[in-house]
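Input: a single structure, listed below in C-alpha cells.
The values are calculated or read from the model by the stated rules, or taken from the named source; none is laboratory data. Because the structure is predicted, anything quoted here is derived from the model rather than measured. Ideal geometry is used to build each Cβ from the backbone, glycine not excepted, and the neighbour counts take in all protein chains shown.
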Amino acid sequence: MENKLDIKQLVADAIAKFRKGHATKTFSQRQPELGKMLNCKVCSRRHRSSIICKQVFTTIINRGPDEREVPERHAAQTRKGINGSQMFAKKRIKPHHSHARLLLVQMTQDLFPKYFSWNIFKTPQEAMHAARGEAQAILSRKARKLRNSVVQQQHRSRQINAGLIGGGIQ
Ligand SMILES: [Zn+2]
C-alpha cells in the first residue's frame, strides 16, 4: 500500500520541527508551565506568571495616633456597606410624609374593620390589602374628579379671556 503512513518518517519530521522551533523559542515558550516573567502589581516583585498572588485589601482603622491597617474581610455591615452609598446620597434619613400617602393610610385604617369583620380573609394582612385596594380606588376617583373640575374651570377661563363667552364681573 502506497499511502500507508510511514511512522518513522513522521517521527523524524516532528523531531526536526521541534528542534528547529526549540532553538528560537524563549525560555517561557520552552517552559510554558512556568510562564512569562512579569512585574507583579500585587506583591511588587518580579516573578513568573505561574505564581498568582492574591490581593489582600486593607482598611485603616482608628484614624489618628492609634491608626493601623487591618486586612479587610468584608465591607462594614451597614446599609451603605451592603447597598452602596450612592443609594442614600443626598436623601433624607427620615423622608417627610406625603399627603397622599397619609390619606391612603388613614382611609385604609378606616376601612380595615369592615373587611376584617367579614371573616373571609385568612390573615389580617389580607384584609388590610383588600381595604387598601378600596381606599386606593376611592382616592384615585376623588383625585380624578378634582382634576376634571380644574380642567373644566381652566377651559372656561380661557374661553372668557378669549372673549368667546361672557363671564367674570361685568
Ligand atoms: Zn506577586
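Condition test on GLN77, is it within 11 Å of the ligand (Cβ to nearest atom), part of a loop (DSSP other than H, G, I, E, B) and loosely packed, with under 10 Cβ neighbours inside 10 Å? No: the conditions fail for GLN77.
Inside segment 80-103, residues that are farther than 30 Å from ALA131 by Cβ and surrounded by 10 or more Cβ atoms within 10 Å (Cβ to Cβ) make up a count of 8.
Table: residues versus (1) within 16 Å of the ligand (Cβ to nearest atom); (2) under 30 Å from GLN136 (Cβ atoms); (3) at pLDDT below 80; (4) in a helix (DSSP H, G or I).
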residue: MET1; (1), (2), (3), (4): no, no, yes, no
residue: VAL11; (1), (2), (3), (4): no, no, no, yes
residue: GLN29; (1), (2), (3), (4): no, no, no, yes
residue: CYS43; (1), (2), (3), (4): yes, no, no, no
residue: ILE60; (1), (2), (3), (4): no, no, yes, no
residue: LYS94; (1), (2), (3), (4): no, yes, no, no
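Cβ separations smaller than 8 Å between residues 6+ apart or across chains give the following pairs from segment 31-56 residues that are closer than 25 Å to VAL70 by Cβ to residues that are among the aliphatic types (A, V, I, L, M): CYS40/ILE51; CYS53/VAL42; LYS54/VAL42; GLN55/VAL42.
Within segment 96-103, none of the residues are within 16 Å of the ligand (Cβ to nearest atom) and either among the small types (Gly, Ala, Ser) or farther than 30 Å from ILE138 by Cα (or both).
A search for C-beta distances below 7 Å between a residue of segment 146-161 that is surrounded by 10 or more Cβ atoms within 10 Å (Cβ to Cβ) and any residue that is among the aliphatic types (A, V, I, L, M), counting only pairs 6+ apart in sequence or on different chains, returns GLN159/ILE165.
Let's see how each residue does on (1) over 30 Å from SER28 (Cα atoms); (2) part of a helix (DSSP H, G or I); (3) within 30 Å of the chain's Cα centre (by Cα):
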site: LYS54; (1), (2), (3): no, no, yes
site: GLN86; (1), (2), (3): yes, yes, yes
site: ALA100; (1), (2), (3): yes, yes, yes
site: LEU103; (1), (2), (3): yes, yes, no
site: GLN106; (1), (2), (3): yes, yes, no
